[in-house]
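Asks: I am attaching a structure below and will ask some questions about it afterwards.
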Amino acid sequence: MLVRIGLDRRSIDMNHQTIPVASRAHIAAALAAADVPVLLMVLHHLTGDHRWLDAPYRPVREISIFADESGGLPPAVQDEVRAAALDILEALQAGRLTPPPLPDRATFQKMMSVCVGELIPAEYVPMMLEEMGLEARAPTWPAPPPAASIAQFEVLIIGAGVSGICAAAQFREAGIRYTVLEKNATLGGTWHDNKYPEVGCDVPNHFYSFSFRPNADWSGYYSKGDEIEAYLCRCAEEFGILDRVRFNTEVLSARYDERTARWQVTVRQPDGELATLSANVLVSATGQLNRPKMPTIEGLADFEGPLFHTARWRSDVPLDGRRVAVIGTGASAMQLARSVAARAQSLTIYQRSPQWAVPSVDYHRQVSDGKKWLLRHVPFYMGWYRFTLAWRFSDQLLRTLERDPAWPHPERAVNARNDRHRERLTEYLLDALGERSDLVAKCLPDYPPYGKRILIDNDWFKTLKRDNVELVTDDIARLTAQGVETADGVTREADVVILATGFEATRLLWPVEFTGRDGESLRSRWGDDDASAYLGLTVPGFPNLFCLYGPNTNLGHGGSIIMIAECQVRYVLGCVMKMITDGVQAIECREEVCADYVARLDAEHAKLVWTSPGLDNWYRNKAGRVVSVMPWRLVDYWRYTLAPDFDDYHVRRYA
Ligand code: NAP
């Protein structure tokens, strides 16, 4: 017998089949804001009428990642689609329409292909159906779990950010005992830590959210950090996990006890006292971008004014009318610069490397009330809208990032398509900087696009052109009591120094000390910055330990890390369910399985743009090996993590 766990119930919320009573005028007004290709799919779902998948209604393929809401259809056809949707929704509201059952996967593939105007390969269909909330992503118990085994089983989860909340929600649904240990006083992980001006996500929110808890109320297409943090807190509350989170409890070390096959975890409790907790399975959900990277710049301690990292923002430090220095030009700097420049007397930005930045039409756009109504109330609308984002912002780009050995201009791009991207981004930059040839010379990168993480232009170029902003590209020699001295001997005074210098992305799971079987420490296995793990999740020598968002699971080419977290949690939960039902005490990844996986992964990375010779980025460790991002398509990683194969593990059963 298969026992389903409960996420189906929530996922149905995205695709409910009734709508609240609303006037015809109200529905018509909302439909004016509709994305037409999405509406066509809704019509097909609600009527089963195949004509909505054929000419003259077939949307045109949009090559830009930003969807054209008209689907490229003539205005008269759009009007016809909206008018039909109005009648259908009215009929549904009045109880005059009973939608047919969900179509089969072949029809879904056709619908998906029609919706975005290009062939969606069949391998994507099940992954997308999960993203759309039409199929559950949670695993099922292979057999009813023996009551005694499940009662004795305990899981400790370190961290209450996106991954920790996702894991806790699903362990709870499965009825498995868990506790979350969170060093902060509240939830949210990176979205709690990062409070700098305009902090936000550069993945569209309707995709960057749990598939089993969609949110129709995002204020923008790229909402800001406080809204994402509030969403995560709401999720935690609705999932009923809050009473299982121990706040202000920092994990210091964890040791595997082979005799009992349990992890002994040392924590600093809220009162400062140390305590040891114990669990069968330990899940690290500490993220990759959570420990600020402090630059090794001489004189950092000599600066007399306030100096702080973007992820430790000092809201008590006034910036208005002051001279502000920002060191670093990554995603954080690009987000905060325009706000700081608008308030400060002067802003001096110290740039070590220039950045490629893309424009985004939706970046500052608010979601209209009509669109929110459709997302909330129209059956299947949210799911299909999410599909369009999940398709556009996922694997398409990866194909364009492979180094072509025959390409004659590796100094500027890795292949012909990458070169076309470079041309378009260069045009954009030249247009944005206009007459300022001094800035063009400083801002035009000399490495291929996507060699470093691509950024969304938050009015960066506009900000650089302001009279009160200076972009300094000379090397920083040192900080002095009054400001920043560059290698040319010039000192620019500052009242406040902001370090936008990124995170310890290559020192995974740091600084917690993990000691595995035979007393081996994870740090000695990995060295300072050379982490690797099978599927990014599990490490030989460290039984019953799983790391969510572990080595090589970040995304350099697209996608939502929330989707990756859900895939990983499914895999880990699958392992735990199997352990419980099969009477397994410990599983430990086989060395050869891990080695083979890592070798394949390294070989893939060696073909990609971010390992271009001489290129430095936070994906790579000091030796140049990529430890942070994955080289796989999302659909590959989704498939790898569908279900555990215990042949990959040494399995120890209860005696
Ligand atoms: P980052 O991308 O690592 O950028 C750090 C910046 O500091 C780089 O410009 C780096 O220069 C510079 N830097 C580092 N050490 C320096 C030194 N000693 N002297 C001078 N400059 C130095 O960090 P981040 O901007 O915080 O972003 C990290 C990642 O977090 C992002 O890529 C993204 O994944 C995530 N994030 C996302 C968002 C978003 O969604 N929009 C926002 C913030 C963060 P080099 O390039 O020369 O190393």
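The values are calculated or read from the model by the stated rules, or taken from the named source; none is laboratory data. In this text the structure is predicted, and so the values were computed from the model without any measurement. For neighbour counting, all protein chains shown are included, and Cβ atoms are generated from backbone atoms with ideal geometry for every residue, glycine included. Note: areas computed on protein heavy atoms with side chains; ligands, DNA, RNA excluded. Shrake-Rupley method; radii C 1.70, N 1.55, O 1.52, S 1.80 Å.
Asks: With the structure loaded, tell me whether Thr98 is hydroxyl-bearing (Ser, Thr, Tyr), out of contact with any strand residue (DSSP E or B) (no Cβ under 8 Å at 6 or more places or on another chain) and free of Cβ contacts under 8 Å to residues at least 40 places away in the same chain or whether it fails that test.
Replies: Here the answer is yes, as Thr98 does meet what is asked.
Asks: Tally the residues that are open to solvent by less than 50 Å² (accessible area, probe 1.4 Å) and assigned to a loop (DSSP other than H, G, I, E, B), restricting the search to region 452-484.
Replies: Of the residues in region 452-484, 8 are open to solvent by less than 50 Å² (accessible area, probe 1.4 Å) and assigned to a loop (DSSP other than H, G, I, E, B).
Asks: Ala487 passes all but one of (1) modelled with pLDDT of 95 or more; (2) open to solvent by less than 30 Å² (accessible area, probe 1.4 Å); (3) within 12 Å of the ligand (Cβ to nearest atom); which number fails?
Replies: Of the numbered conditions (1) modelled with pLDDT of 95 or more; (2) open to solvent by less than 30 Å² (accessible area, probe 1.4 Å); (3) within 12 Å of the ligand (Cβ to nearest atom), the odd one out for Ala487 is (2).
Asks: In contact (Cβ under 8 Å) with a residue 40 or more places away in the chain and in a strand (DSSP E or B): is that true of Phe542 in this structure?
Replies: Answer is no for this residue.
Asks: Helices (runs of 4 or more DSSP H) wholly in region 319-405 with at least 3 residues that are open to solvent by 30 Å² or more (accessible area, probe 1.4 Å) and more than 16 Å from the ligand (Cβ to nearest atom) - which ones?
Replies: 369-377
Asks: A further question follows. Condition check: surrounded by 16 or more Cβ atoms within 10 Å (Cβ to Cβ) and either closer than 24 Å to Arg137 by Cβ or not hydroxyl-bearing (Ser, Thr, Tyr) (or both). Does Ser209 satisfy that?
Replies: Yes: the conditions hold for Ser209.
Asks: Restricting to region 93-111, name every residue that is of a type in the set (A, V, I, L, M, F, W, C), modelled with pLDDT under 95 and surrounded by 10 or more Cβ atoms within 10 Å (Cβ to Cβ).
Replies: The answer is Leu97, Leu102.
Asks: Further, regarding this structure: Look at Glu493 and say whether it is out of contact with any Leu (no Cβ under 6 Å at 6 or more places or on another chain), at pLDDT below 95 and closer than 30 Å to Val326 by Cα.
Replies: Here the answer is no, as Glu493 does not meet what is asked.
Asks: Name the pairs: first residue in region 245-264 and part of a strand (DSSP E or B), second residue among the acidic types (Asp, Glu), Cβ to Cβ under 6 Å, at least 6 apart or on different chains?
Replies: Val245/Glu182; Ser253/Glu513; Gln264/Asp257
Rundown of residues vs (1) out of contact with any Lys or Arg (no Cβ under 8 Å at 6 or more places or on another chain); (2) aromatic (Phe, Trp, Tyr), yes/no style:
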{"residue": "Phe393", "(1), (2)": "yes, yes"}
{"residue": "Glu402", "(1), (2)": "no, no"}
{"residue": "Arg420", "(1), (2)": "yes, no"}
{"residue": "Glu423", "(1), (2)": "yes, no"}
{"residue": "Glu427", "(1), (2)": "yes, no"}
{"residue": "Ala441", "(1), (2)": "yes, no"}
{"residue": "Leu455", "(1), (2)": "yes, no"}
{"residue": "Asp475", "(1), (2)": "no, no"}
{"residue": "Val484", "(1), (2)": "no, no"}
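Asks: Mind counting the residues in region 452-468 that are within 16 Å of the ligand (Cβ to nearest atom) and in contact with a helix residue (DSSP H, G or I) (Cβ under 6 Å, 6 or more places away or on another chain)?
Replies: Here the count works out to 7.
Asks: Restricting the search to region 406-425, which residues are open to solvent by less than 30 Å² (accessible area, probe 1.4 Å) and either touching a Cys at 6+ places or on another chain (Cβ under 8 Å) or assigned to a helix (DSSP H, G or I) (or both)?
Replies: The answer is Asn418, Asp419, Leu425.
Asks: Can you find a residue that is under 24 Å from the mean Cα position of the chain (by Cα), assigned to a helix (DSSP H, G or I) and closer than 30 Å to Val245 by Cβ anywhere in region 130-142?
Replies: yes
Asks: Can you pull out the residues in region 426-451 that are within 15 Å of the ligand (Cβ to nearest atom) and open to solvent by 40 Å² or more (accessible area, probe 1.4 Å)?
Replies: Answer for region 426-451, where residues must be within 15 Å of the ligand (Cβ to nearest atom) and open to solvent by 40 Å² or more (accessible area, probe 1.4 Å): Lys442, Leu444, Asp446.
Asks: Can I ask one more? Taking Arg172 as meeting all but one of (1) farther than 30 Å from His364 by Cβ; (2) in the same structural domain as Gly574 (by TED's automatic domain parsing); (3) buried (at least 21 other Cβ atoms within 10 Å of the Cβ); (4) not hydroxyl-bearing (Ser, Thr, Tyr), write down the number of the exception.
Replies: Result: Arg172 passes all but (3).
Asks: Please identify the pairs in which a residue from region 509-528 that is assigned by TED's automatic domain parsing to the domain that holds Thr260 and part of a helix (DSSP H, G or I) has its Cβ atom under 7 Å from the Cβ atom of a residue that is open to solvent by 70 Å² or more (accessible area, probe 1.4 Å) and among the charged types (D, E, K, R), counting only partners at least 6 apart or on another chain.
Replies: Short answer, once both residue conditions are applied: Arg517/Glu258; Arg523/Glu513.
Asks: Here are some conditions: (1) open to solvent by 40 Å² or more (accessible area, probe 1.4 Å); (2) over 25 Å from Asp316 (Cβ atoms); (3) among the small types (Gly, Ala, Ser). Gly164 meets all but one. Which one does it not meet?
Replies: So the condition that Gly164 fails would be (1).
Asks: Please tell me if Gly299 is on the phi > 0 side of the Ramachandran plot, out of contact with any helix residue (DSSP H, G or I) (no Cβ under 8 Å at 6 or more places or on another chain) and not assigned by TED's automatic domain parsing to the domain that holds Gly550.
Replies: Answer is yes for this residue.
Asks: Being more than 16 Å from the ligand (Cβ to nearest atom) and of a type in the set (D, E, K, R) is the filter here, so list the residues in region 490-529 that pass it.
Replies: Glu493, Asp495, Glu513, Arg517, Asp518, Glu520, Arg523, Arg525, Asp528
Asks: Please give the helices (runs of 4 or more DSSP H) falling wholly within region 551-642 in which 2 or more residues are open to solvent by 10 Å² or more (accessible area, probe 1.4 Å), over 16 Å from Tyr534 (Cβ atoms) and away from the ligand (no atom under 16 Å from the Cβ).
Replies: Because the criterion is at least 2 residues that are open to solvent by 10 Å² or more (accessible area, probe 1.4 Å), over 16 Å from Tyr534 (Cβ atoms) and away from the ligand (no atom under 16 Å from the Cβ), the helices (runs of 4 or more DSSP H) in region 551-642 that meet it are 561-582.
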